[in-house]
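Before any comments, here is the structure.
The values are calculated or read from the model by the stated rules, or taken from the named source; none is laboratory data. All values reported here derive from a predicted model rather than from experimental measurement. Because the Cβ atoms are built from the backbone with ideal geometry, glycine has one as well, and the counts that use them run over all protein chains shown.
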Amino acid sequence: MLKNDMSASNIRQRVEKWLTTYGHLINKNALEREINVSKGVIQKFIKYGKKINDNHIKGLYKLIKKFGSI
């Protein structure tokens, strides 16, 4: 049986892992502008481990999926 919808915690883990792995290679401000979040949200996660809002995680997941690497 295929599972089309993933749990929110699984999506969060995948996005957080992607950000920690590739965060140093991307323009964080451009990602933030693309998903309409406050400036510094991604940087604060990468540098300080601050939790990202669930709605922002969903937006990041959709955007990163377009890259084809998640």
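Give K47, K66 a once-over and let me know the one that is part of a helix (DSSP H, G or I), within 24 Å of S7 (Cα to Cα), modelled with pLDDT under 95 and over 10 Å from the mean Cα position of the chain (by Cα).
Working: K47 fails: within 24 Å of S7 (Cα to Cα).
The match here is K66.
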Task: Which numbered condition M1 fails, given (1) surrounded by 10 or more Cβ atoms within 10 Å (Cβ to Cβ); (2) modelled with pLDDT under 95 - done: (1)
TODO: Filter segment 41-56 down to the residues that are out of contact with any helix residue (DSSP H, G or I) (no Cβ under 7 Å at 6 or more places or on another chain) and of a type outside the set (F, W, Y), then identify the one that is surrounded by the most Cβ atoms within 10 Å (Cβ to Cβ).
DONE: K44
TODO: Only residues that are in a helix (DSSP H, G or I) and either in contact (Cβ under 8 Å) with a residue 60 or more places away in the chain or farther than 16 Å from K66 by Cβ (or both): list them for segment 5-16, please.
DONE: A8, S9, N10, R12, Q13, E16
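Being in contact with a Lys or Arg (Cβ under 8 Å, 6 or more places away or on another chain) and among the hydrophobic types (A, V, I, L, M, F, W, C) is the filter here; which residues of segment 53-63 pass it? Write out each step before concluding.
As a first pass, look at segment 53-63 and keep what is in contact with a Lys or Arg (Cβ under 8 Å, 6 or more places away or on another chain): 54, 57, 61.
Hit for segment 53-63 is I57, nothing else.
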Task: Counted residues, segment 17-26 - those being in a helix (DSSP H, G or I) and without any contact (Cβ under 8 Å) to a residue 40 or more places away in the chain - done: 6
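How many residues, within segment 27-40, are assigned to a helix (DSSP H, G or I) and surrounded by fewer than 17 Cβ atoms within 10 Å (Cβ to Cβ)? So that I can check it myself, show each step before the final result.
Pass one, segment 27-40, residues assigned to a helix (DSSP H, G or I): 28-34.
Okay, now just the ones that are also surrounded by fewer than 17 Cβ atoms within 10 Å (Cβ to Cβ), so 29-30, 33-34.
Matching residues across segment 27-40 total 4.
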